[in-house]
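Below is one structure, written out as structure tokens; comments come after it.
Just so it is clear, none of the values below were taken in a lab; they were calculated from the coordinates. Values in this document were obtained by computation on a predicted structure and should not be read as measured data. In this analysis, Cβ positions are derived from the backbone assuming ideal geometry, glycine residues included, and neighbour counts consider all displayed protein chains.
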């Protein structure tokens with residue numbers, strides 16, 4: 001990590017160094033480092049939130065190789081910021097995404113391109129302290 005900081009400060013092409021760093025480390029490490037820079041409107045506590053709601057992460061096949069990742073019931077998390085979370089997902093998962101309303105239930109959902117279910121689950125467990133038993137992954 002110290003090597004990265006020194007290279008980042010000394011190098012003129014910071015984007016190239018950042019891409020090398022981003023490709024080398026896993027998504028949850030990047031979340032921990034970037035969480036200091038991006039301000040979420042959540043109160044961080046060390047205890048895991050035990051609620052009766054379930055967060056659904058669905059992987060829906062679009063065509064032969066491509067898929068969608070749909071995240072539902074996020075509005076039940078206290079002070080969850082959809083726009084900042086979507087920006088973080090899009091930047092770190094290298095995908096496109098959008099915030100949409102579910103036609104049946106009129107609830108906001110996040111829709112991402114690609115299969116990112118495990119990364120989203122790690123993010124919710126680490127950042128928002130949600131128990132893994134409350135996160136359900138549907139699909140492949």
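Side notes on the structure shown:
- Packing, taken as the mean count of other beta carbons within 10 Å per residue, orders the peptides 126-132, 101-107, 68-74 from highest to lowest as 68-74, 126-132, 101-107.
- R0 of 22 Å, Cβ-Cβ distance residue 101-residue 76: FRET efficiency to nearest 0.05: 0.90
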